[in-house]
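Report on the following structure.
The values are calculated or read from the model by the stated rules, or taken from the named source; none is laboratory data. Treat the numbers as computed from the prediction; the structure is a model and nothing was measured. Counting neighbours? That spans all protein chains shown, and the Cβs are built from the backbone with ideal geometry, glycine included. Ligands, DNA and RNA are excluded from the accessible area calculation, which covers all protein heavy atoms including side chains. Shrake-Rupley method; radii C 1.70, N 1.55, O 1.52, S 1.80 Å.
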Amino acid sequence: MLDGIFSFVLLDTRDNSFVVARDAIGVTSLYIGWGLDGSVWISSELKGLNDDCEHFESFPPGHLYSSKSGGFRRWYNPPWFSEAIPSVPYDPLVLRRAFENAVTKRLMTDVPFGVLLSGGLDSSLVASITARYLAGTKAAKQWGAQLHSFCVGLEGSPDLKAAKEVADYLGTVHHEFHFTVQDGIDAIEDVIYHIETYDVTTIRASTPMFLMSRKIKSLGVKMVISGEGSDEIFGGYLYFHKAPDKDEFHRETCRKIKALHQYDCLRANKATSAWGLEARVPFLDKEFINVAMSIDPEAKMIKKDEGRIEKWVLRRAFDDEEYPYLPKHILYRQKEQFSDGVGYSWIDGLKAHTARHVTDKMMSNASFIFPHNTPTTKEAYYYRMIFERFFPQNSARLTVPGGASVACSTAKAVEWDAAWKNNLDPSGRAALGVHLSAYDAETPLSNKPSKVIDSIPRMDFPGVAIKS
């Protein structure tokens, strides 16, 4: 078992008492509910509770629940959780070794596996380290030493181009999946049913991941290694450019990590598990988080005049001239949020579609129809309507976070720039003056006929038959 990333239930058969524990960060989803008869229910999905429980809620990460005490107790209490400002000097080799350990630890597997590769920094480092250390592992003896990588995007998207380049550099067997805006729109209801949220940015990013996971599972793959968590730990989102000082920078990273179970972890876990695929996330390894969050945040600050872009400490740690991990321009590629990187017209297409289905009158009555987390855009209203149809209980809607956000920020970070209050959108392109393709012109919509690549050769793992 990988330390601290699994949830579990322990039952004492002598008195039928039990203890439930959720993993440290919330990598896997977990909910708890209470029936009218006093029964306690535990489920990895809302769907397992909404018909039988009077009340249910998200089980807090890093906590234990005891049936004897009837309450929660935190078991995971690392130094960074208090948000005290750390002061350990930045050492690139210490950070590099900690992340390599986190990745290689996740190569323990007895099933066919691969890596999710968007061509961005995080997934590319995961792929590079996996490819570098795979050869000597038990998994390589069982499934072969050549790594398989997977990417999804609209035709011509930034991610597809970058991922192909990284795959060629690393020598992986690369599988590229295309989808169209219409493919994504057609899947929205299924995505909301499986992901169990109405959060806009989560749905935007979950849809291509959901479509890709289905294709990956059809190839016989059962586990993938992914790059979630890095942006929260290192301040990789573009709005961190506006952090006023190192103290606020660090506190925001703490807030982001604490909320991961409601956003990126929710997406990565449910978009993959909907198809029986397991996602492993080395950036959220407990030991690695402790190392990364102990670094003096002054080293993480973005300083353009010094050539320090977002996640500079991570990039510098893997900038090895003698044995390079990645091409330089990939190692220093600007952050793209997954919902942007799959193709800018994906989000623009969603906005256009939802605008046709939600009227101005509906928006004017939004606060009466949805008094909790009232949707402020037509896109948000559209997702909320679908969510409420599947999960009409008040407990369900309370499991979804709310609040203002720009480029995936917390509501607190919106205060960093007065201009953001008039440009609230979770897309990275909402970081005006930071993103190289910010919202300064209307991007043409792409609704070309579907062309999902089905001609990709099936993965040939030694000793396993892959069935359609």
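Determine, yes or no, whether residue 123 is under 30 Å from residue 144 (Cα atoms) and modelled with pLDDT under 95. For residue 123, the condition - under 30 Å from residue 144 (Cα atoms) and modelled with pLDDT under 95 - is not met. Quick one: would you say residue 26 is outside the structural domain of residue 295 (by the TED database), in contact (Cβ under 8 Å) with a residue 40 or more places away in the chain, in contact with a Cys (Cβ under 7 Å, 6 or more places away or on another chain) and within 20 Å of residue 397 (Cβ to Cβ)? Yes, satisfied. Condition check: under 30 Å from residue 85 (Cα atoms), open to solvent by 10 Å² or more (accessible area, probe 1.4 Å), in contact (Cβ under 8 Å) with a residue 40 or more places away in the chain and not in a strand (DSSP E or B). Does residue 201 satisfy that? Yes. Condition (residue is modelled with pLDDT under 95 and touching a Leu at 6+ places or on another chain (Cβ under 9 Å)) applied to the stretch 378-401: is it met by at least one residue? No, the conditions are met nowhere in the stretch 378-401.
For the stretch 258-276, check the following and say yes or no: at least one residue is in a helix (DSSP H, G or I) and more than 29 Å from residue 196 (Cβ to Cβ). No, the conditions are met nowhere in the stretch 258-276.
Of the residues that sit in the stretch 70-128 and are assigned to a loop (DSSP other than H, G, I, E, B) and of a type in the set (Asp, Glu), which one is farthest from residue 176 (Cα to Cα)?
The selected residue is 83.
Per the listing 231, 245, the residue uniquely without any contact (Cβ under 8 Å) to a residue 60 or more places away in the chain and under 23 Å from residue 412 (Cβ atoms) is 245. In the stretch 31-45, is there at least one residue being in contact with a helix residue (DSSP H, G or I) (Cβ under 9 Å, 6 or more places away or on another chain), closer than 17 Å to residue 6 by Cα and crowded, with 19+ Cβ neighbours inside 10 Å? Yes, there is a match, as at least one residue in the stretch 31-45 is in contact with a helix residue (DSSP H, G or I) (Cβ under 9 Å, 6 or more places away or on another chain), closer than 17 Å to residue 6 by Cα and crowded, with 19+ Cβ neighbours inside 10 Å. Quick one: in the stretch 16-53, of everything that is acidic (Asp, Glu) and modelled with pLDDT under 95, which residue is farthest from the chain's Cα centre (by Cα)? Looking at residues that are acidic (Asp, Glu) and modelled with pLDDT under 95, I get 37. Of the residues screened, residue 152 is one that is open to solvent by less than 20 Å² (accessible area, probe 1.4 Å), more than 14 Å from the chain's Cα centre (by Cα) and not hydroxyl-bearing (Ser, Thr, Tyr).
Beta carbons closer than 8 Å, at least 6 apart along the sequence or on distinct chains, pair a first residue in the stretch 281-301 that is hydroxyl-bearing (Ser, Thr, Tyr) with a second that is outside any helix (DSSP H, G or I) for 294/86; 294/88. Note on the stretch 301-323: residues that are open to solvent by less than 10 Å² (accessible area, probe 1.4 Å) and either among the basic types (Lys, Arg) or more than 23 Å from the chain's Cα centre (by Cα) (or both) amount to 2.
The single residue among 164, 222 that is among the basic types (Lys, Arg), in the same structural domain as residue 113 (by the TED database) and over 20 Å from the mean Cα position of the chain (by Cα) turns out to be 164.
For the stretch 212-221, name all the residues that are assigned to a helix (DSSP H, G or I) and either surrounded by 23 or more Cβ atoms within 10 Å (Cβ to Cβ) or in contact with a helix residue (DSSP H, G or I) (Cβ under 6 Å, 6 or more places away or on another chain) (or both). Before you say what the answer is, go through the steps one by one.
From the stretch 212-221, those assigned to a helix (DSSP H, G or I) are 212-218; that's our starting set.
Listed by number, the residues that qualify are 212, 213, 216.
Taking only the stretch 155-183 into account, find how many residues are assigned to a helix (DSSP H, G or I), open to solvent by less than 20 Å² (accessible area, probe 1.4 Å) and either touching a strand residue (DSSP E or B) at 6+ places or on another chain (Cβ under 7 Å) or small (Gly, Ala, Ser) (or both). Give the derivation first.
Step one: filter the stretch 155-183 for residues assigned to a helix (DSSP H, G or I), giving 158-170, 181-183.
Keeping just the survivors that are open to solvent by less than 20 Å² (accessible area, probe 1.4 Å) gives 159-160, 162-163, 166-167, 181.
From what is left, the residues that are either touching a strand residue (DSSP E or B) at 6+ places or on another chain (Cβ under 7 Å) or small (Gly, Ala, Ser) (or both) are 159-160, 162-163, 167.
Qualifying residue count, the stretch 155-183: 5.
Residue 186 satisfies every condition listed in (1) open to solvent by 10 Å² or more (accessible area, probe 1.4 Å); (2) outside any helix (DSSP H, G or I) except (2). For the stretch 106-145: of the residues being among the basic types (Lys, Arg) and closer than 28 Å to residue 334 by Cα, which is surrounded by the fewest Cβ atoms within 10 Å (Cβ to Cβ)? For the stretch 106-145, the residue satisfying everything is 132.
Only residues that are open to solvent by less than 70 Å² (accessible area, probe 1.4 Å) and either within 13 Å of residue 196 (Cβ to Cβ) or of a type in the set (A, V, I, L, M) (or both) were counted across the stretch 351-383, and they come to 8.
Go through the stretch 302-399 and tell me which helices (runs of 4 or more DSSP H), entirely inside it, have 3 or more residues that are more than 19 Å from residue 125 (Cα to Cα). Explain how you work it out, then say what you get.
Numbers: elements: 312-317, 328-331, 338-341, 344-357, 360-364, 366-369, 378-390, 394-398.
Passing ranges, in order: 344-357, 360-364, 366-369, 378-390, 394-398.
Within the stretch 254-300, the set of residues being within 13 Å of the chain's Cα centre (by Cα) and of a type in the set (S, T, N, Q) comprises 262, 269, 272. The single condition among (1) crowded, with 17+ Cβ neighbours inside 10 Å; (2) closer than 30 Å to residue 301 by Cβ that residue 79 does not satisfy is (1). Show the residue pairs meeting these rules: Cβ distance below 9 Å; 6+ apart or different chains; first residue within the stretch 50-70 and free of Cβ contacts under 8 Å to residues at least 12 places away in the same chain; second residue among the hydrophobic types (A, V, I, L, M, F, W, C). Pairs that qualify, where the first residue is free of Cβ contacts under 8 Å to residues at least 12 places away in the same chain and the partner is among the hydrophobic types (A, V, I, L, M, F, W, C), are 70/40.
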